[in-house]
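*Asks:* One structure is given below, represented as structure tokens, and several questions about it will come after.
The values are calculated or read from the model by the stated rules, or taken from the named source; none is laboratory data. What you see is a predicted model, and the numbers here were worked out from it, not measured in a lab. Here the Cβ is made from the backbone with ideal geometry for all residues, glycine too, and neighbour counts use every protein chain on show. Accessible surface is based on the protein model in full, side chains and every heavy atom, while ligands, DNA and RNA are left aside. Shrake-Rupley method; radii C 1.70, N 1.55, O 1.52, S 1.80 Å.
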Amino acid sequence: MNDDSVHQIRTGAAETHGHRAQSARELRAARLGVRDVVRVGAVGLRTRPTRAFLSALGIAIGIAAMVAVVGISSSSRAELDGQLDALGTNLLTVTPGTRLTGEQAQLPLTAEAMVGRIAPVRAESAVGKVDDASVYRTGKIPDVETNGIIAYAARTNLLDTIGAGIRSGKWIDAATGNFPATVLGASAAERLGITKAGPDTQVLIGNTWFTVLGILAPAALAPELDSAALMGWPAAAKLSFDGHPTTIYTRSDDAQVAAVRSVLGATANPEAPNEVEVSRPSDALAAKQAAGQAFTGLLLGLGAVALLVGGVGVANIMVISVLERRTEIGLRRSLGATRGQIRTQFLTESLLLSALGGVGGALLGSAVTATYASYQNWLTVIPLWALTGGVVATLVIGALAGLYPAVRASRLSPTEALATP
């Protein structure tokens, strides 16, 4: 064999190899871009809009519930934190406890003055319960119907100490404290049917008519005063008041609250410090906040269940979609679509369906939170993690819900799928 023959054989082999390689490239499946994947995955949503809407609605309800619960809870917590910041957490109260015999103890007459001598105490005030002095709107109401309103003697600096305010009228001062004049707590005024203070408005305390000087706004740190009728210390002495304080309120330096708290009992009643109870009203608000957080956790659990139900609905819809679109799947497979492309199509459809529900639910939950916060006059607070976490959760659920239907669709052979009636 000469050199020309060898060259021809090599050239022919090279050409044959090139043709085979070119044929292999021509037979290789085309790759779908991101835009094409989204477009193909949205076919099922466009052709069945009602079904897609109802499926996305299940996801949206779960996400809306979770976002609304977190948003309303955060808004409420922000409002409470704002109240604590405004009212302060350095208010301490001193009240009589019980004796060893089980009887109600009593604070000494000197307790208020003794407490005021504690160096870090910036302000102190007190109220004293007036026994046998029921409060009525008229003298024709039976004695047994007291409406739970209690008469208290009060110091003139009480409001400044506890951080309360007047809703109507004015507070007791040194002059009016000597006369039969009273200021009603917010709940007390409501129970008595009094909406506005004035010289023409009177209530019967004991056997004496008192002019209603003012009505308090709700006292967050002293809720016991909401259902009280307050009068000056001298005016109360003319009734059945014995002069002993029932509750002493103190304001201390923030850094010294714990130290003051530790000595208040012994200072108020040196002879029997064990008969004195010292509390911090802001702790009650903090406990209320903690209870609200626990309730929020319960509601979040219910929202998660709703979200799970929505995910099951998406999975159900995707399985039905695979069964209904077997002919479409067979046709695409016959035209060269790979199993991976079929899986991607149905998985994308499931993700799009869940994303629509997630975004819609986040918007709906935000709207509910804003509406409720506006109704309560709160600042609307929606944590960013609640919005992003909700959408991410729907995508994860969508991926899990669409995985099995997508795999099932990809395993259909073209002949089997086309043969389906």
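*Asks:* With the requirement that a residue be closer than 25 Å to Q106 by Cα and open to solvent by 50 Å² or more (accessible area, probe 1.4 Å), what does the range 214-238 give you?
*Replies:* P223, E224, P234, A237, K238
*Asks:* Would you confirm, using the coordinates I've provided, whether S374 is of a type outside the set (A, V, I, L, M), open to solvent by less than 80 Å² (accessible area, probe 1.4 Å), without any contact (Cβ under 8 Å) to a residue 12 or more places away in the chain and not in a loop (DSSP other than H, G, I, E, B)?
*Replies:* Spelling it out, S374 is indeed of a type outside the set (A, V, I, L, M), open to solvent by less than 80 Å² (accessible area, probe 1.4 Å), without any contact (Cβ under 8 Å) to a residue 12 or more places away in the chain and not in a loop (DSSP other than H, G, I, E, B).
*Asks:* Which of the residues spanning the range 329-343 are surrounded by 19 or more Cβ atoms within 10 Å (Cβ to Cβ) and either touching a strand residue (DSSP E or B) at 6+ places or on another chain (Cβ under 6 Å) or in a helix (DSSP H, G or I) (or both)?
*Replies:* Within the range 329-343, I329, G330, R332, R333, Q341, I342, R343 qualify.
Listed here are the residues, each with its yes/no results for (1) surrounded by fewer than 23 Cβ atoms within 10 Å (Cβ to Cβ); (2) at pLDDT 85 or above; (3) closer than 25 Å to R77 by Cα.
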| residue | (1), (2), (3) |
| --- | --- |
| A367 | yes, yes, yes |
| G390 | no, no, yes |
| A401 | no, no, no |
| A417 | yes, no, no |
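*Asks:* Is it fair to say T211 is open to solvent by 30 Å² or more (accessible area, probe 1.4 Å) and among the β-branched types (V, I, T)?
*Replies:* The answer is yes for T211.
*Asks:* Now for a different question. Among the candidates R48, R39, R35, which residue alone is modelled with pLDDT of 75 or more, charged (D, E, K, R) and open to solvent by 50 Å² or more (accessible area, probe 1.4 Å)?
*Replies:* R48
*Asks:* Of the residues A259, A229, which single one is in a strand (DSSP E or B) and among the small types (G, A, S)?
*Replies:* A229
*Asks:* For the condition under 22 Å from P234 (Cβ atoms), at pLDDT 95 or above and hydrophobic (A, V, I, L, M, F, W, C), what is the one hit in V135, V127?
*Replies:* None of the other options fit; the residue is V127.
*Asks:* Could you list all residues from the range 250-260 that are open to solvent by 10 Å² or more (accessible area, probe 1.4 Å) and under 20 Å from V127 (Cβ atoms)?
*Replies:* Of everything in the range 250-260, just one residue is open to solvent by 10 Å² or more (accessible area, probe 1.4 Å) and under 20 Å from V127 (Cβ atoms), namely R251.
*Asks:* Continuing with this model, one more query. Please verify whether L91 is modelled with pLDDT under 80 and surrounded by 14 or more Cβ atoms within 10 Å (Cβ to Cβ), treating the condition exactly as stated.
*Replies:* no
*Asks:* So, one more: For the range 380-414, what are the residues that are within 38 Å of the chain's Cα centre (by Cα) and part of a loop (DSSP other than H, G, I, E, B)?
*Replies:* T380, V381, I382, P383
*Asks:* Scan the range 224-235 and report the pairs whose first residue is within 12 Å of W171 (Cα to Cα) and touching a residue at least 24 places away in the same chain (Cβ under 8 Å) and whose second residue is assigned to a strand (DSSP E or B) and open to solvent by 10 Å² or more (accessible area, probe 1.4 Å), with Cβ atoms within less than 6 Å and a gap of 6+ or a chain change.
*Replies:* L230/Y152
*Asks:* Another question, then. If I filter the range 62-75 for residues that are open to solvent by 30 Å² or more (accessible area, probe 1.4 Å) and part of a strand (DSSP E or B), do I get at least one hit?
*Replies:* Checked the range 62-75: no residue is open to solvent by 30 Å² or more (accessible area, probe 1.4 Å) and part of a strand (DSSP E or B).
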